[in-house]
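Here is the structure we will look at, set down as structure tokens.
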Amino acid sequence: MLFYLGLGMQLTGFSSVGLCLFAGLTKGDYGRLELIQLIGGSLVFYVGTYFKNKGGK
């Protein structure tokens with residue numbers, strides 16, 4: 001169960017960081033919302049990696 005939770009968190013974090021990158025390239029600048037998306041998405045991705053590795057064993 002932890003494996004699938006971790007995988008879902010990884011996908012969510014990766015898509016959040018991707019949306020942040022796309023928004024920054026479209027606007028030409030990164031604002032506070034994009035910074036929060038980048039940090040939050042990275043955090044969710046790495047926590048998901050931890051859960052995925054813990055549940056896969």
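No lab work stands behind these numbers, since they all come straight from the coordinates. Not measured: the values here are computed from a predicted model.
Quick notes on this one:
- Mean Cα-pair separation over length for the chain, i.e. relative contact order, pairs under 8 Å, 6 or more apart, %: 60
- Between 0 and 90 degrees, the angle of helix 32-56 with respect to the longest Cα principal axis of the chain falls at about 10 degrees.
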